[in-house]
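Encoded as structure tokens, the structure appears first; notes follow it.
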Amino acid sequence: MDYNFTDIEARWRKRWADEKVYAVKEDATRPKYYVLSMFPYPSGAGLHVGHPLGYIAADIYARYKRNRGYNVLQPMGYDAYGLPAEQYAIQTGQHPAVTTEQNIARYREQLDLIGFSFDWSREVRTCAPRYYKWTQWAFQRMFNSFYCYNCGKAQPIDKLAARIAQKGTAGLNVAQTQPLDVTPQQWADMTERERQEVLMNYRLAYLGETMVNWCAGLGTVLANDEVVDGVSVRGGFPVEQKKMKQWCLRISAYAQRLLDGLDTIDWSDSIKETQRNWIGRSEGAEVTFKVAGRDESFVIFTTRADTIFGVTFMVLAPESELVQTLTTPEQKAAVDAYLEEVKHRTELDRMAGKKVTGVFTGSYAVNPFTGDEIPVWVSDYVLAGYGTGAIMAVPAHDSRDYAFARKFGLPVVPLIEGADVTEESFEAKEGIVTNSPAEGKQSLDGFSLNGLSVKEAIAATKRFVEEKGLGRVKVNFRLRDAIFSRQRYWGEPFPVYYKDGMPYMIPEACLPLTLPEVDKFLPTETGEPPLGNAAKWAWDTAANTVVENARIDNATVFPLELSTMPGFAGSSAYYLRYMDPHDDDALVSPQADQYWQAVDLYVGGSEHATGHLIYSRFWNKFLHDLGVSCIEEPFAKLVNQGMIQGRSNFVYRIKGTNRFVSLGLKDKYDVTPIHVDISLVGGGDVLDTEAFRQWRPEYADAEFELEDGKYVCGWAVEKMSKSMFNVSNPDNVIAKYGADTLRLYEMFLGPITQSKPWDQNGIDGCFRFLRRAWNLFFDKQGNLAVTDDAPTKEALKSIHKLTKKVTEDMEEMSYNTSVAAFMICVSELAAQKCRSREVLERLVVLLSPFAPFVTCELWQLLGHKEIVFDAPWPTWDEACLKEDTVTLGVSFNGKTRFTIDVAADATPDEVQATALAHEAAPRYMEGKQLVKVIVVPRRIVNIVLK
RNA sequence: GCGCCUGUGGCGAAAUUGGUAUACGCGCCAGACUUAGGAUCUGGUGAAGCGAUUCGUGCAGGUUCGAGUCCUGUCAGGCGCACCA
């Protein structure tokens with residue numbers, strides 16, 4: 001019987017769906033295992049062969065766990081809100097919901113072809129109201145929470161309000177936008193609106209006036225991780241800094257926990273390191289400097305408190321409010337001119353130019369340690385958003401301060417023995433401190449760091465600063481709060497209305513607040529977000545319903561928020577929803593959460609390192625604080641699959657003509673390389689010139705200059721993308737080879753964590769393997785030829801070897817070597833003409849996670865009623881793997897010379913005797929003395945001579 | 001600049017974690033069956049040499065009886081962060 005994969009796959013696909021074989025329920029009698037692949041954004045282009053790589057790896061693991069007796073949850077869904085659908089809507093007027101629906105249908109079709117064991121009854125879509133109800137709910141709970149550092153978790157905001165009413169804000173140790181000073185009396189005298197303003201300073205979801213990344217091209221603000229090199233990740237439009245009122249999530253409150261949590265999870269070092277960098281913890285000190293001749297002071301942050309004796313000037317960020325207070329009348333014109341100049345420099349200029357600029361404020365600060373008066377400058381190399389927006393400059397030991405000092409002729413005072421600062425600053429945190437204070441100079445209480453190591457000096461200075469009340473030890477984080485508003489249509493609406501300019505949450509019982517219809521997806525004429533176009537987008541607090549805008553009276557009917565939530569909102573807790581997707585009373589029921597706990601294996605791309613994977617961890621920690629998620633870290637183990645790149649082909653057109661020259665001849669002419677669709681190119685990169693002429697009208701009368709009668713294309717490895725015509729589509733591969741071959745080949749390509757180009761050429765090897773495996777079960781006439789005879793020793797050895805290898809590879813997800821092992825085993829069994837049922841059944845089970853279709857068919861042909869997915873995973877017997885004799889390499893002084901065969905259980909003495917008795921041995925022994933013989937078990941015997 | 005990762009045949013990649021380097025697949029070569037082959041099967045395939053042998057894991061050292069693997073330095077490529085004080 002031929003291996004007819006088309007029939008086999010179609011039949012089993014149907015049966016799996018009809019019998020719902022992948023549906024799972026909580027089952028207390030079996031251990032659970034939760035496998036998750038990052039859900040896709042369903043783009044219009046459909047899946048290419050790169051997308052399923054991670055899904056296949058996860059699916060193999062999920063199926064393996066199922067064979068091992070685990071109750072495996074492996075769901076799938078769609079991250080359905082996003083910019084492309086909205087951009088498409090703006091261009092075509094097609095509603096994003098319609099295109100999204102179409103794209104999802106297409107994705108589903110493609111995913112089904114590949115044979116994943118997803119439980120589709122648990123599918124989620126972020127744009128479904130029943131789903132985003134819980135996104136809105138979580139947002140409301142964040143609004144109604146603050147973060148208490150004393151108890152280390154989120155708390156209800158009412159508790160804070162009560163505390164302020166009783167004791168004021170004094171002594172609060174909570175996450176806040178800025179320190180406030182409110183007494184109980186003041187609180188009592190406040191209006192409702194004023195109190196709301198105070199509370200806004202502490203809420204975990206808050207409305208903040210912040211500098212945001214404004215992208216005019218997209219008409220919205222972006223989060224930091226959505227901006228790279230000053231342009232938007234999506235679309236590549238320029239991004240500028242702008243001060244706007246936006247919803248923010250106080251993710252910075254969780255900075256320390258996000259950092260600590262990394263030590264408890266099994267993620268790759270590189271992703272953990274990326275997150276550590278992004279969180280950017282730095283320990284230092286805040287030191288207060290008085291302004292000379294005035295009753296003012298300001299605070300700076302430094303990690304190098306030990307360099308306090310080398311401070312020769314101070315620098316303020318241009319955006320800092322201190323600039324106004326510290327600028328003297330004489331300097332005001334110069335400072336204002338500078339501020340104006342900085343404002344018009346975009347983020348890109350600022351990074352690319354790296355010009356050293358700045359201006360003197362006219363004021364002087366007093367060094368608290370020495371009493372020296374030092375000038376205060378303004379420069380854009382100091383960031384307003386980090387620390388206090390002001391620094392003490394130590395040009396001798398900081399390259400940025402050094403460049404500034406050299407440009408403006410400010411003094412450089414070295415503080416470390418032997419440091420040469422004539423050409424550049426000395427930044428290493430090592431050496432012995434000197435000059436602190438300089439000889440003959442006074443310092444506060446005679447404080448001196450001279451003779452200490454840098455490390456000791458930092459500690460000593462911090463202690464001194466705290467003792468003398470000059471400042472305090474402080475930990476700073478680079479992690480910024482996440483900006484949570486987008487001026488877009490296609491996203492979750494905020495369940496928020498505005499009364500007296502302050503936001504209020506619509507009642508929880510009224511969730512979800514569904515996205516309204518609009519007739520235009522562009523901003524309104526007054527520049528409001530697209531939701532401003534909705535006719536019915538106001539909240540009636542009496543009736544608790546959405547009503548016509550026309551009825552807004554600000555008495556009982558109020559305007560609703562016009563922004564929507566960003567992409568990461570819906571993807572931040574989806575793994576929890578999969579546990580209990582149809583529950584309308586809870587995001588996840590306690591029972592479901594207790595059973596499934598958290599994701600055991602999470603598979604997805606590393607590009608989400610500073611986006612989704614941080615937001616999701618934050619979101620889960622918050623839900624954990626609420627008691628909704630029982631585990632603090634959502635993803636116990638993370639595997640980042642590599643990207644599959646495309647292999648593009650080029651033709652070379654002679655400039656100004658319609659004549660194309662083959663690769664080997666292109667250097668003779670002035671040519672333009674042009675991407676050519678890879679479907680027009682065959683093996684050896686030979687172009688089908690006729691197909692090329694028909695490809696596009698402008699090439700209809702193309703002429704070709706051939707070499708050896710062929711047109712050879714150039715090639716390059718690039719990102720797989722429609723515009724480069726290098727996309728390979730899984731449907732085509734499946735039509736030609738079957739899904740089992742595709743699965744096997746994607747795994748065989750190399751380690752899943754590695755990026756690699758897609759090369760269709762190798763796939764025949766995997767197809768041949770499957771066909772050979774299939775043929776093991778049939779005789780020449782095509783009849784099933786499996787016997788119940790006892791297996792031979794060799795066959796048992798082959799299958800046990802395979803069992804061991806595949807089982808051990810599973811945990812490492814080292815599937816490429818497993819596939820190789822399958823190939824070896826099958827060719828061994830074929831050579832042995834093995835027909836043993838016992839052996840072949842084991843082979844079928846082992847192969848089933850990799851090739852589910854063909855193994856289902858074989859399992860049934862072998863007479864089993866149950867599906868192979870529930871068959872127990874085979875075990876191996878070490879005794880079967882033992883050799884009777886082993887071949888050892890014999891080396892003299894480390895160089896292998898010949899091999900010997902000895903009994904597997906030979907003692908070292910026997911091995912040594914056999915080795916020395918070998919006919920070739922005397923040749924290498926000649927004239928040398930035997931020092932010792934080292935017998936490495938089962939490997940090699942090394943004879944050491946002198 | 002700082003941090004992390006990776007360098008092995010013509011190509012994708014293995015290597016029992018310090019023990020016969022290049023498993024497995026692609027490609028290539030030869031043979032078989034064919035009217036035919038971009039089908040199938042069998043064998044060969046790191047380099048040099050007729051050969052025994054010698055040389056071979058980016059480069060240079062080191063530890064070891066023995067190093068792709070460990071250590072030091074260096075070069076190249078990739079990723080992340082980057083006026084973060």
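Any read-out appearing in this document is the output of simple, stated calculations on the displayed coordinates, not a laboratory observation. In this text, all values refer to a predicted model and were calculated from it rather than measured experimentally. Cβ coordinates were reconstructed from backbone atoms using ideal geometry, including for glycine residues, and neighbour counts include every protein chain displayed.
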Between segment A:500-537 and segment A:213-247, what is the C-alpha centre distance in whole Å?
22 Å
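Subtract the Cα-Cα distance of residue A:166 and residue A:812 from 0.36 nm times their separation in residues, and report this length gain in nm to one decimal.
Values: separation 646, 0.36 × 646 = 232.56 nm, distance 5.70 nm.
Gain on stretching residue A:166 to residue A:812: 226.9 nm.
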Taking Rh as the Kirkwood radius computed over C-alpha pairs, what is the Stokes-Einstein D of segment A:438-589 at 4 °C in a medium of viscosity 1.567 mPa s, expressed in µm² per second?
63 µm²/s
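Find out how many positive minus negative residues lie around residue A:714, taking Lys and Arg as positive, Asp and Glu as negative, among other residues whose Cβ is under 9 Å from that of residue A:714. Mind showing how you got there, number by number?
Values: positive: A:666; negative: A:685.
The answer is 0.
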For labels at residue A:554 and residue A:109 in the simple 7 Å Cα→Cβ model, what's the distance in nm?
5.3 nm
Tell me, what HN-Hα J-couplings in whole Hz come from the Karplus equation 6.51 cos²θ - 1.76 cosθ + 1.60 at θ = phi - 60° for each residue of segment A:257-266, using x for Gly and Pro?
5, 5, 6, 4, x, 4, 6, 9, 10, 9
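Placing +1 at every Lys and Arg Cβ and -1 at every Asp and Glu Cβ, with all other atoms neutral, what dipole size does segment A:191-231 have around its Cα centre, in debye to the nearest 20? Don't skip to the answer; put the middle values down first.
Details: 3 positive and 7 negative charges, 35 e Å.
I would put it at about 160 debye.
What is the calculated FRET efficiency for residue A:706 to residue A:755, with r their C-beta to C-beta distance and R₀ = 30 Å, to the nearest 0.05?
Numbers: r = 35 Å, r/R0 = 1.15.
That pair, residue A:706 with residue A:755, gives E of 0.30.
With charges only on Cβ, +1 for K and R and -1 for D and E, what is the dipole size of chain A about its Cα centre, in debye, rounded to 20? Spell out each step's value before the answer.
Details: 104 positive and 124 negative charges, 210 e Å.
That gives a dipole near 1000 debye.
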Hey, what did chain A get for relative contact order, percent, Cα under 8 Å, at least 6 apart?
13 percent
Would you mind pulling out the separation of the Cα centroids of segment A:449-465 and segment A:826-902, in Å?
65 Å
Please list, in order, the residues from segment A:269-304 whose amide nitrogen is less than 17 Å from a point placed 7 Å along the Cα→Cβ vector of residue A:229.
none
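What's the exposure ranking of A:300, A:56, going from fewest to most Cβ atoms within 10 Å? Don't jump to the answer; show the numbers that get you there.
Values: A:300 24, A:56 27.
So the residues, fewest neighbours to most, are A:300, A:56.
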How large is Rg/Rh for segment A:1-141, to two decimals, with Cα atoms and a Kirkwood Rh?
1.02
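Against the 2.2 N^0.38 Å scaling, with N counting residues, where does segment A:658-801 land? I'd like the Cα-based Rg ratio to two decimal places.
Numbers: Rg = 22.0 Å, N = 144, 2.2 N^0.38 = 14.5 Å.
That ratio works out to 1.52.
Once the convex hull of the C-alpha atoms of segment A:571-646 is built, how many Å³ does it hold per residue, rounded to a whole number? Mind showing how you got there, number by number?
On the way: hull volume 7.2 nm³, N = 76.
Convex hull of Cα atoms, per residue: 94 Å³.
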Rounded D (µm²/s) - segment A:720-860, Kirkwood Rh over Cα pairs, Stokes-Einstein at 10 °C, 1.306 mPa s:
99 µm²/s
Considering only Cα-Cα distances, which of the following residue pairs are longer than 23 Å: A:895/A:932; A:167/A:243; A:895/A:946?
A:167/A:243
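Quick one: which of A:155-165, A:482-492, A:454-464 comes out on top by average Cβ neighbours within 10 Å, and what's the full order, highest first? Don't skip to the answer; put the middle values down first.
Details: A:155-165: 16.3, A:482-492: 25.5, A:454-464: 18.7.
So the peptides A:155-165, A:482-492, A:454-464, ranked by packing, come out A:482-492, A:454-464, A:155-165.
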Kirkwood Rh over alpha-carbon pairs of chain A plugged into Stokes-Einstein at 37 °C, 0.692 mPa s gives a D in µm²/s of 98 µm²/s
Please identify every one of the chymotrypsin sites (Phe, Trp or Tyr not before Pro) in segment A:70-170 that sits in a loop by DSSP and has no more than 15 other beta carbons within 10 Å of its own beta carbon.
A:149
Using a cut-off of 15 Å between beta-carbons, work out the net charge of the residues near residue A:542 (Lys and Arg +1, Asp and Glu -1, residue A:542 not included).
-1
Ordering A:769-777, A:874-882 by per-residue average of other C-beta atoms within 10 angstrom, highest first, gives A:769-777, A:874-882
Semi-axes of segment A:293-432 from the Cα gyration tensor (sqrt of 5 times each eigenvalue, largest first, whole Å) come to 24, 19, 13
On full extension of the chain, what length is gained from residue A:356 through residue A:875, given 0.36 nm per residue of separation minus the C-alpha to C-alpha distance?
180.0 nm
Full-stretch length increase - residue A:907, residue A:372 - with 0.36 nm per residue and alpha-carbon distance subtracted
184.4 nm
Taking placed amide H atoms and a strict 5 Å upper bound, the residues 5 or more places from residue A:545 or on another chain that come that close are A:540
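Please identify the GluC sites (Glu not before Pro) of segment A:837-874 that satisfy two criteria: DSSP loop assignment and at most 16 other Cβ atoms within 10 Å. Which are they? If you can, show how the numbers build up before the last one.
Details: sites: A:838, A:841, A:857, A:866; in loops: A:866.
Sites meeting the loop and neighbour criteria: A:866.
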Mind checking the angle between helix A:129-143 and chain A's longest principal axis? C-alpha axes, 0 to 90 degrees, to the nearest 10.
40 degrees
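Between residue A:297 and residue A:459, what is the FRET efficiency for a Förster distance of 25 Å, r being their Cβ-Cβ separation, to the nearest 0.05? Please report the intermediate quantities before stating the final value.
Working: r = 25 Å, r/R0 = 0.99.
So the FRET efficiency works out to roughly 0.50.
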To the nearest 20 debye, what is the magnitude of the charge dipole of segment A:199-261 about its Cα centre, counting +1 on the Cβ of each Lys and Arg and -1 on the Cβ of each Asp and Glu?
280 debye
Counting only residues 5 or more apart in sequence or on a different chain, those whose built amide H sits under 5 Å from that of residue A:436 are A:449, A:450
What's the percent breakdown of Cα-Cα distances in segment A:153-280 across 5 Å bins, shortest bin first?
2, 9, 15, 14, 15, 14, 12, 10, 6, 3, 1
Residue A:786 neighbourhood, Cβ < 14 Å, K/R = +1, D/E = -1, net charge -2
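For segment A:358-431, what value does the Rg/Rh ratio take when both radii are computed over Cα atoms and Rh is the Kirkwood radius, given to two decimals?
Numbers: Rg = 12.9 Å, Rh = 13.4 Å.
Taking Rg over the Kirkwood Rh, I get 0.96.
Can you sort A:392, A:1 so the residue with the fewest Cβ neighbours within 10 Å comes first?
Values: A:392 24, A:1 13.
Taking fewest neighbouring Cβ atoms as first place, the list is A:1, A:392.
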Cα-based helix-to-principal-axis angle, A:52-67 vs chain A, degrees rounded to 10:
70 degrees
Karplus couplings for segment A:882-891 from phi (6.51 cos²θ - 1.76 cosθ + 1.60, θ = phi - 60°), rounded to Hz, Gly and Pro as x?
5, 8, 6, 10, 10, 9, 10, x, 10, 10
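Going by C-beta contacts inside 10 Å, put A:481, A:181 in order with the fewest on the left.
Details: A:481 20, A:181 8.
Result, fewest neighbours first: A:181, A:481.
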Got a sec to turn the phi values of segment A:752-758 into Karplus ³J(HN,Hα) couplings, 6.51 cos²θ - 1.76 cosθ + 1.60 with θ = phi - 60°, whole Hz, x for Gly and Pro?
5, 6, 9, 7, 7, x, 6
Above-threshold pairs, the threshold being 20 Å between Cα atoms, out of A:32/A:637; A:407/A:441; A:710/A:736; A:441/A:474; A:65/A:793:
A:407/A:441; A:710/A:736; A:441/A:474; A:65/A:793
